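Take a look at the structure set out below.
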Amino acid sequence: MTDDSKSTYPLDMPEPNDPPQPVAASPLPVSETPQPAMVEPRRNFLSKSLAVVIGGIVTLVPFAAGLAVFTDPLRTRKKGSGNGDDDGFIKVATFDELPVGDPPQRFQVIDDRVDAWNMFPKEPVGTVYLSRSTEDEVLALCVTCPHVGCPVDYDTARHVFQCPCHNSSFKPTGEIDNQDSPAARGMDALEIKIKNKNEVWVKYQEFRPGTAEKIAEA
Ligand code: FES
């Protein structure tokens, strides 16, 4: 006799009244398997720190050197550099070039020229007339006309300085020669020093044009 109370479910299927069975966890693929945390070895840390420090030095040293060169003209800027002495006098000529009684002669004033960032060594920074009236007396006059600043010529035939711009003329001593001169003052005399018995040193300056008073430009 057949037992009908027996279930007809397949053997691998739970019967309706069976208690729930635990589900077996499926294994993860190898690539997704959690790995134990890696602890960076102390040696690697020190190596990386050292590399950062060396990299910083390699970058900063050339930068600092370039900055020093870039700012060097400002740091080395000083008065009376080049041909000049500490008081701002510059050697312009010797007595050999200035015979007593000769007409005034033009001389360039050579000095180092400095702007905010650059230094240009030994460049013309101005022009002066020098004349020697006695063995020891030298007169230095700025070549710039005190009217509005044209360079003045010396007329050896008339023995006067003549400005080509507006017809001012000046005596060899620099005083105004023509009464209708538009210049309000005579030519500007410059300070001189005689050094080593025959060197003529001039303190070169520019003065404000157009004024009766002699006012040095800054
Ligand atoms: S600039 Fe010399 S007279 Fe005017």
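Of all residues in the range 103-122, exactly one satisfies the criterion of being of a type in the set (Phe, Trp, Tyr) and over 23 Å from the mean Cα position of the chain (by Cα), namely Phe107.
When Ile110, Ile176, Ile192, Ile215 are checked against the criterion of being among the aliphatic types (A, V, I, L, M), farther than 26 Å from Lys91 by Cβ and surrounded by 15 or more Cβ atoms within 10 Å (Cβ to Cβ), a single residue qualifies: Ile176.
All conditions but one from (1) touching a residue at least 24 places away in the same chain (Cβ under 8 Å); (2) within 13 Å of the ligand (Cβ to nearest atom); (3) open to solvent by 20 Å² or more (accessible area, probe 1.4 Å); (4) not aliphatic (A, V, I, L, M) apply to Glu135; the one that does not is (2). Checked against the criterion of being of a type in the set (A, V, I, L, M, F, W, C) and not in a strand (DSSP E or B), the range 125-142 has no qualifying residue. For the range 84-100, taking the residues that are more than 12 Å from Leu139 (Cα to Cα) and assigned to a loop (DSSP other than H, G, I, E, B), the one that is modelled with the highest pLDDT is identified as Pro99.
Candidates in the range 123-171 are the residues that are of a type in the set (Gly, Ala, Ser) and closer than 16 Å to Pro209 by Cβ; of these, the one that is farthest from the chain's Cα centre (by Cα) is Ser168. Set side by side, the residues Arg158, Arg185 differ, and just one is open to solvent by less than 60 Å² (accessible area, probe 1.4 Å), of a type in the set (D, E, K, R) and either away from the ligand (no atom under 13 Å from the Cβ) or in a loop (DSSP other than H, G, I, E, B) (or both), which is Arg185. In this structure, Cys142 qualifies as open to solvent by less than 30 Å² (accessible area, probe 1.4 Å) and within 14 Å of the ligand (Cβ to nearest atom).
The values are calculated or read from the model by the stated rules, or taken from the named source; none is laboratory data. None of the values given here were measured: they were computed from a predicted structure. Because the Cβ atoms are built from the backbone with ideal geometry, glycine has one as well, and the counts that use them run over all protein chains shown. Note: accessible area is taken over every heavy atom of the protein model, side chains too, but ligands, DNA and RNA are not part of it. Shrake-Rupley method; radii C 1.70, N 1.55, O 1.52, S 1.80 Å.
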